[in-house]
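The block underneath contains the structure these notes are about, expressed in C-alpha cells.
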Amino acid sequence: MFAEQILKCQNCETPVVASDEICGKCGAKLLHRRVLFGVAKAENFALMAQDNKPDVDSEAEVTGAEANEPQFPSRAALAAISAPLAAPVEPVAEVRWGGFFRRANALSIDLFVISLLSTIMGVMAYVGYKVGLGAHGLVIGGDNTSALFAILTLGWIGLSAAYFIVLHGSGGQTIGKKILGLRVVDADRKPPSLRQAALRWFAVVGFAPVGLGFLWVIWQAEKRGWHDIVAHTWVVRE
C-alpha cells in the first residue's frame, strides 16, 4: 500500500492529503494539483465561501425600481436654472462737451470755407452780370452796382444757410467740426434733423447781434449756446 501523497493547501499552505477535497483548516476547495514544499505559491487559488459574500462596507445595491426612479435636481440647481440670465451691462461712455474755444476755432474754419466759396460764387456772379449788361450795351457802373451787391448778399446768405443746415442735418458735422472732432447731436445722441438744423441756424442769425448767445457756452454746464437750447441740440467731442 502506497503512502498517500502530501500536498499543500493553495490558500493557507496547510499540508493536506491528495485525496482531500476541502482544506481542514481554512475550508477552501482544494485544487487537485501537486504542490511541493518550499515552492512559491501560485497566484491562482480558490476563494473561500465567505470571500464571495458582499462587503458590508460597500454601497447598498440599487434595486430595479430605485434605478428607474427619476432623479430630480437639488434646490440650489433649480434656483440657478430658474434665475433669469442677467443681460450684460455695457459701459456708458463719458460725454465730453465741445468747449468754447474749440467751437470758436471750428467756426473760424467754417467761415474761411464759406468765404472761399463765396469768392468763387462772387466771381461767377460778376462775370455773368457783366455779360448780361454787355448784351444790352451796358457796363457796370454806379447806377447798376447796387443790384450786383444785392445779388451777392442774397447768394452769401443762401450759401451760408445751406452750408450749416445741410451739413448739420445730414451728419451733424461741418468741415470745421470734423477737423476738430466735434459733432452736433440731439437728445438721443444722433445727428439732428434738418428741421432742428434750420431752427439752429435761424437762432444763430437771430442772436448774432446780441453776441451773448454764443458766449453762453463759456459758463453753461453742458457748453450749450442759446441756439443749441432753442433747437434742443448739443455739441459733443468725439
Notebook entry, point to check: In which sequence would 136, 227 go, from the one with the fewest C-beta neighbours within 10 Å to the one with the most?
Noted result: 136, 227
Note to self: Counting other beta carbons within 10 Å of each residue's own, what order do 9, 26 fall into, fewest first?
What the structure shows: 26, 9
Notebook entry, point to check: So for region 157-214, what are the equivalent ellipsoid semi-axes in whole Å, largest first, each being the square root of 5 times an eigenvalue of the Cα gyration tensor?
Noted result: 18, 13, 12
Next item on the list: Under 19 Å between C-alpha atoms is the cut-off here; go through region 100-237 and count lysine pairs that meet it, provided they're at least eight residues apart or on different chains.
Entry: 5
Next item on the list: Taking amide H positions as placed in the peptide plane 1.01 Å from N, state which residues far from residue 22 in sequence (5 or more) or on other chains have amide H under 5 Å from it.
Entry: 30
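Tell me the Kirkwood radius of region 100-237: reciprocal of the mean inverse pair distance over distinct alpha-carbon atoms, in Å.
Averaging 1/r across every pair of different Cα atoms and inverting gives 16.5 Å.
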Next item on the list: Find the all-direction average of the projected area of the Cα convex hull for region 108-176, expressing the result in square nanometres with one decimal place.
Entry: 5.2 nm²
Notebook entry, point to check: Which trypsin sites (Lys or Arg not before Pro) from region 90-132 combine a DSSP loop assignment with at most 16 other Cβ atoms within 10 Å?
Noted result: 96
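Loop-only check: which trypsin sites (Lys or Arg not before Pro) in region 143-238 are DSSP coil with at most 14 other Cβ within 10 angstrom? Intermediate results must be reported in sequence, preceding the final value.
Working: sites: 177, 178, 183, 189, 195, 200, 223, 224, 237; in loops: 189, 223, 224.
Those satisfying the criteria are 189.
Each value in this text was obtained by applying a stated rule to the coordinates, not by laboratory testing. Everything quoted here is computed from the prediction, not taken from an experiment. Every residue, glycine among them, receives a Cβ derived from its backbone with ideal geometry; neighbour counts consider all protein chains shown.
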